Amino acid sequence: MGTLSYTFDQLNDAVTNMLAMTGDIGGATQSNYVGAAYNITTDTWQRLGSAQGLAVGSFPGTYISPIFQRLRRVVLADDGTVYKGISWADFTKHEDGTDVDLTGGNGQIMMEYLPAYVKTGIWGDWYYILLSHLPLDGFALHPVFTDLSAVYLGAYEGSVYNSKLCSIAKDPSDGTSPVWPVTTRTGDWGHASLTTEATDTLAEARGSGWQQADFMLRHWERLLMLVGFAGWNFQSMVGNGRTTLSGGDWLNDSYIGRCGLGDAAGGYHSAVQAGGTDGYLTDYSQVLGVENTYGNVWDRVASLVNDNAVYYKTKPPYDYSSVTGWTRLVDALGDGITLPDTNGYAGVPHSGLGLVLPADVTGSSSTKMTDYFYQAAGLRVFLVGGGAYYGAGAGPFYWTASYAASLTSAGLGGRLCFKKA
């Protein structure tokens, strides 16, 4: 890695020339794709395409690409019908100004992603990723959208009601009480023996098309974050959120905070961190419509890691006992991705679709990928995001590949997903 050194201008010229318009509909110009590039030697970011020249390390706005303009929170019925869109200014209101039923009465509260295309590559020390809403020459449909017209991710961490995984913020039994992410614990919204397989079952109980969020969906969410913000350190760029609590336990209103604390704030990103033992009343983070994509409780991810080799599958059924039927994730050169075999802060990322995963652990809480990485040998599943007391190590790129699918723990939850044919 990094055997050749190029300036950003050389990278931009190379990418522009490579994607030069061919005269047909597949040709790319800088206005119809958006991207970002990370230099693995200088630990710096630059923007490409329609966002070129804009500052890195913050979200400039949805105007940079239709990819972001099409993002919306929606209420999604169990049959896959969108009831209504939700206002970006206030997540308790629909786009038409009416109140959102946060109990699930009209459907689950979800983020909607429409099909989009990806191109990745390496140019010297630069690893770049380009996104487009158009099927441009050299771009490929992101794997999560294969044979689908839309994909939906739970806006909230998953909870359980009537033996189904939910994405809601208010208790359906009374319409007002708070909801907590489901984990293996006693008390409200707890669930006995919540394994990865049990979370799959609860999600699929909603009906056809429903499942637990899988690796490629969380991958797409993180690509949007990287291209949108052009940076790794979301605790710095957005806020610490629910990551540094103290003096509690994995119980409701302690380490485990309620869902929906960011609803009134709305917007494309926000965070509050008061910390302390009363943080359950205030603390959350929200990035591009997804609440607590880091912090609060770990999110299980339908995935398989076999001795640090990463495998994915985009639809159930998921068999976590063997890699048979799963696809190995590869880098920009087509080589199978292998995660580090030691623990530490994620350093240099893999290239290509592996950009969201560490190739080594040479980073820190403020350099390189800035989030922690933990692993163990054998068949494992991913956990992502960290929990309520993981401090600087938490973040959207804190991947843990150290636990079997059969693990139960009061700090581990999941997240709902729907895939529309």
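Counting the residues of segment 53-64 that are in contact with a strand residue (DSSP E or B) (Cβ under 8 Å, 6 or more places away or on another chain) and either open to solvent by 50 Å² or more (accessible area, probe 1.4 Å) or closer than 30 Å to N106 by Cβ (or both) gives 4. Within segment 85-103, restricting attention to residues that are touching a Gly at 6+ places or on another chain (Cβ under 9 Å) and part of a strand (DSSP E or B), the residue that is surrounded by the fewest Cβ atoms within 10 Å (Cβ to Cβ) is K93. Just to be sure, is L379 touching a Phe, Trp or Tyr at 6+ places or on another chain (Cβ under 9 Å), open to solvent by 40 Å² or more (accessible area, probe 1.4 Å) and hydrophobic (A, V, I, L, M, F, W, C)? Taking the combined requirement at face value, the residue satisfies it.
Quick one: would you say T146 is without any contact (Cβ under 8 Å) to a residue 12 or more places away in the chain and not aliphatic (A, V, I, L, M)? Taking the combined requirement at face value, the residue does not satisfy it. Against the test of being closer than 27 Å to V151 by Cβ and either touching a helix residue (DSSP H, G or I) at 6+ places or on another chain (Cβ under 6 Å) or not hydrophobic (A, V, I, L, M, F, W, C) (or both), the options G248, G279, G275, G209 yield a single qualifying residue, G209. Residues that are farther than 15 Å from H219 by Cα and either of a type in the set (K, R) or touching a residue at least 12 places away in the same chain (Cβ under 8 Å) (or both) within segment 335-349 comprise G336, T338, L339, P340, D341, T342, N343, G344, Y345, A346, G347, V348, listed in sequence order.
Scanning segment 104-157 for residues that are outside any strand (DSSP E or B) and either under 18 Å from A230 (Cα atoms) or open to solvent by less than 10 Å² (accessible area, probe 1.4 Å) (or both) returns G107, A116, D125, L136, H142, V144, F145, A155, Y156, E157.
The values are calculated or read from the model by the stated rules, or taken from the named source; none is laboratory data. The structure presented is a predicted model; accordingly, all values stated were derived computationally and were not measured. Quick reminder, even Gly has a Cβ in these numbers, built from the backbone with ideal geometry, and neighbours come from all protein chains shown. For accessibility, only protein heavy atoms count, side chains too; no ligands or nucleic acids. Shrake-Rupley method; radii C 1.70, N 1.55, O 1.52, S 1.80 Å.
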